[in-house]
Structures are given as structure tokens and as C-alpha cells.
1. If the requirement is being touching a Phe, Trp or Tyr at 6+ places or on another chain (Cβ under 7 Å) and farther than 22 Å from TYR51 by Cα, which of these qualifies: ALA222, ALA233?
2. Just give me the residues in segment 92-103 being touching a residue at least 60 places away in the same chain (Cβ under 8 Å) and closer than 13 Å to ARG121 by Cα, in sequence order.
3. Yes or no: segment 323-335 includes at least one residue that is within 26 Å of THR151 (Cα to Cα), within 16 Å of the ligand (Cβ to nearest atom) and among the aliphatic types (A, V, I, L, M).
4. Identify all residues within segment 232-289 that are among the hydroxyl-bearing types (Ser, Thr, Tyr) and outside any helix (DSSP H, G or I); write none if there are none.
5. Could you list, in sequence order, all residues of segment 204-251 that are touching a residue at least 40 places away in the same chain (Cβ under 8 Å) and among the charged types (D, E, K, R)?
6. THR123 passes all but one of (1) more than 12 Å from the ligand (Cβ to nearest atom); (2) at pLDDT 95 or above; (3) among the polar types (S, T, N, Q); which number fails?
7. Yes or no: GLU50 more than 9 Å from the ligand (Cβ to nearest atom), of a type in the set (Asp, Glu), more than 22 Å from ILE164 (Cβ to Cβ) and out of contact with any Ser or Thr (no Cβ under 9 Å at 6 or more places or on another chain)?
8. Among what's in segment 129-144 and is within 11 Å of the ligand (Cβ to nearest atom) and within 20 Å of LEU322 (Cα to Cα), pick the residue that is surrounded by the fewest Cβ atoms within 10 Å (Cβ to Cβ).
Amino acid sequence: IADSMRGRVQADSGTMQLGGLRDYLDKLAASERIVIIGCGTSWHAGLVAEYIFEELARIPVEVEYASEFRYRNPIIKEGDIVIAISQSGETADTLAAIELAKSKGATIFGVCNVVGSSIARATDAGAYTHAGPEIGVASTKAFTAQVTVLTLMALAAAKRKGTISESLFRLLLAELESIPAKVEKVLQAADKIKEIAYIFTYARNFIYLGRGLNFPVALEGALKLKEISYIHAEGYPAAEMKHGPIALIDEDMPVVVIATKDSSYEKIVSNIQEVKARKGRVIAITTEGDTHLPSLVDFTIEIPKVHEVLVPLVSVIPLQLLAYDIAVMRGRNVDQPRNLAKSVTV
Ligand code: F1P
């Protein structure tokens, strides 16, 4: 195990420990800017973290594909914190981006699944997700685990900075503990998700829409579908739809909308109305007990109520299942999709 990443992540309602980061928390809290790098699903986890760090700890965050960062001349100053996220810990683009950021004086934090991996060893500090490596190629549990670790980091920074109230801090820690049970609940909707997958097995395109923290989840849902079923899918912030993608909508376009009951609910409902007015077929991820959306959309998949800051941990699950079911129904090898490598080391 890399010395710098020897930490365990634990959350209970009273204490919080990020072992491998503990010595660096002051630095994290004092930072004026955080740059998050990663590829694929790890980049999406970084996008979720951007919302959470900015909301709770009020630290400006930029999120960049490591595969782009490494080939330009990014402005990194001494004192900047770079958080590298990687499931495998071996992604060549992320490793190269770390080396570049290091050469410019940044402190590097890592969030990795694989103990002792190259990325873990290249960082100054970090936390293992302890989710274990993915069995298949496409990242699924890694996303949830990465977002959990990043949320704990943001909470720790927010607590040190005093940008979060004690009551919200405790509420979010308690809510984090309730996530496994809520995920279990979503898994009980597996049969319904299968039925929806059956209807759309041979769709040629999909659009995924979300707002706020559910926007990166929309990107992730689209990526899972592309990776394992080879269906063309695009994710957009719901409000971006009117700036172009709306031209694609007709009765042959399934649109997956993450429409949970949070601060952007009213707005996302109006986005759904825009899609329905153009005959798009809407599959909505809704909050348990929502009686309005089922009358507006074609299909709903309910998830339990979760605090808005933590909603990606639960809202991503039905999208992963939908992609999985469609891929299986199309006869794809979900564990070993064509053209994809478990770790992209070139
Ligand atoms: C990044 C990634 C995965 C994706 C696929 C290819 O890997 O893009 O998100 O599902 O496996 O690699 P990593 O740096 O998170 O290991």
C-alpha cells in the first residue's frame, strides 16, 4: 500500500476520518482553488464533486479531462490542489496529468480503488475507496464510491472552514449512512427497469437530461449505455436542450430525465413538457411519492428521497441498471465490451 494513501474512509454521525488525508486537511480547506482530473466515469464523479465542494466548502473547482489537461499548458500555481480520480489507478492520461501538475508545484490528492496502483503511488495524499476493482470494464460501483469519498472530503473542508452549519454537517453524515438501504430499495425496482429496457432495446439513440447534481449523472447514464450496449447516447444539462439538442426530439427519441424532487424540480418539469410537446418518449427518474410526473411522462422509475447534495449516489443506480438490461437484451458482453480496456494505459 502506498504510504501516502493508507487511509480508510469512515463516516459515523459523530466523527469522520479520512486517514490518508488527515494530515492534509488544513491544506485542502485553505486552498483557493481545486482542479479535479479524471477520465470517463471518474471525470463524471469529479463533476459531481465540483457542485459539492463549491456548495459546502465554497472553494472554486475546475474539472478537466486528464486526457486534455496533459496536452495543454494549464495554469497551476503552487498551493493549488489537484485531485486525481481513477478506478484502476493505472490510466495513462491521468498519470501524465498528475506528473504535469506536480511539476508546476501542485499538491496531488488521489481517489483510487486499487491499492498500490501507479496513480496512488504518484500522489501526495489521498483515500482509497475500498470498493475493490471493478469486475467488468465499465465503472459502476467506482462512481458511487468516488462520489462518497469526495463528499467526505468536501464535508471535512467545509467543517474546517466553517462554511457548513453543525446541523447540516450532521444531517449529511447521517444521510450518507442511509444510502446503502436506499440503493437496496432502488434495486427492488429491477423488474420494472427490465420492462422499460425491453421496450427500448432496439432504440438507435438516447438523450439523458439532468440539472444541478443530476447533470453529471445524466452524462454517466449516457456513458454507461454507450459503453456496454453501443447505443449512441448523449447527456445534457436539461436547460441546454433548447440550445440545440431539442432539434433531435421526435417520437423515436427516448429521453431519460432525472427529475427528482429538489430545488430544480419545477424547471425540470417544464423541460419534460418541452420534450413531450415534440412527442419524445420520456423515462423519468422520480422521487418516491411524486404523483405529478407519472401523468406527464411515459415511464417512471422511483427512487427514495435523498438530500439534494447526495442524490447522485442513488439516482445513478437505475441508469446503470437500464444500460445493463438493454445491453444484455442486445446480446452484448457487459463485462468485456468491445474496444474497451480495463485500464487505458496508453
Ligand atoms: C477511466 C475509464 C472508465 C471507463 C472505462 C475506461 O478509468 O474511462 O471510466 O469506464 O473503463 O476507463 P479509471 O481511470 O477510472 O480507471
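1. Going through ALA222, ALA233 in turn, the sole match is ALA233.
2. Our first condition is that a residue be touching a residue at least 60 places away in the same chain (Cβ under 8 Å); within segment 92-103, this holds for 92-93, 97-98, 101.
Hit for segment 92-103 is ILE98, nothing else.
3. Narrowing segment 323-335 to residues within 26 Å of THR151 (Cα to Cα): 323.
Subset that is within 16 Å of the ligand (Cβ to nearest atom): 323.
Imposing the further condition that a residue be among the aliphatic types (A, V, I, L, M) reduces the set to 323.
Looking through segment 323-335, at least one residue is within 26 Å of THR151 (Cα to Cα), within 16 Å of the ligand (Cβ to nearest atom) and among the aliphatic types (A, V, I, L, M).
4. If we filter segment 232-289 for residues that are among the hydroxyl-bearing types (Ser, Thr, Tyr), which is where we start, we get 236, 260, 263-265, 270, 286-287.
Matches in segment 232-289: TYR236, THR260, SER263, SER264, THR286, THR287.
5. Those that are touching a residue at least 40 places away in the same chain (Cβ under 8 Å) and among the charged types (D, E, K, R): ARG204, ARG211, GLU220, LYS224, GLU227.
6. Every listed condition holds for THR123 apart from (2).
7. Numbers: more than 9 Å from the ligand (Cβ to nearest atom): yes; of a type in the set (Asp, Glu): yes; more than 22 Å from ILE164 (Cβ to Cβ): no; out of contact with any Ser or Thr (no Cβ under 9 Å at 6 or more places or on another chain): yes.
So GLU50 does not fit the description; no.
8. Residues of segment 129-144 within 11 Å of the ligand (Cβ to nearest atom): 129, 133-134, 136-140, 142-143.
If we keep only those that are within 20 Å of LEU322 (Cα to Cα) too, we end up with 134, 136-140, 142-143.
Details: GLU134: 19, GLY136: 16, VAL137: 19, ALA138: 25, SER139: 28, THR140: 23, ALA142: 26, PHE143: 31.
Taking the candidates together, the pick is GLY136.
The values are calculated or read from the model by the stated rules, or taken from the named source; none is laboratory data. Because the structure is a prediction, the values reported are computed rather than measured. Reconstructed Cβ throughout: ideal geometry from the backbone, glycine too, with neighbour counts over all protein chains shown.
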